[in-house]
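In what follows, a structure is listed as structure tokens, so that the remarks can point back to it.
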Amino acid sequence: VLLSKTTTIYNSKTQTSVVLMDMMGHKYAIKSTAENRKKEAEKSGTPKIEYLSETKEIAGYKCKKARITFKAADGQDADMNVYYSEELPNVTDMQMADGLKGMALEYTINTGGMKIAFTAKKINKESVADTQFDVPADYKETTQEDLQKEMMKAMQGQH
């Protein structure tokens, strides 16, 4: 089990984001723009979303379940089970969730023999200073694709 803490700061006006990931002491930052996401979406194609009847509460929001099928970075089919809230707009920068009827607050991805799970613990709706988008000095700036490659190497003991 690989535990990590992920913080995502998304600017809905400029459609830019910074994702800070701390995985067992290894710290990574991924910056994203609308242009980056558009290029990734062109590579991965349109995700297939199947809406299901299950519901649960996450971080104080009523969420519905969906199953999303998409092309992973390695070109293989991948699937993701997601709980999303229609009370929050889908402002995520995850290409595989494009078209989802709300914000994903919990998801599990099965890809490349790995199972990755995320759950929102807290939602803050507030204005943030521009400096919040600066990458802290102790984080290594990378891309999603390079991070996935690095994680695969680490899991195979090649890191």
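Each residue of segment 49-59 was assigned a 3J(HN,Hα) from its phi angle through the Karplus curve 6.51 cos²θ - 1.76 cosθ + 1.60 (θ = phi - 60°); the sequence is 10, 10, 7, 10, 8, 5, 9, 6, 9, 9, 6 Hz, with glycine and proline shown as x. Over 26 Å apart at the Cα level, from the set Lys65/Lys153; Lys31/Lys101; Lys13/Lys38; Lys31/Lys121, are Lys65/Lys153.
Read the figures in this text as sums done on the coordinates, not as results from a lab. This one's a predicted model, so the numbers in the text were calculated from it and none came from an experiment.
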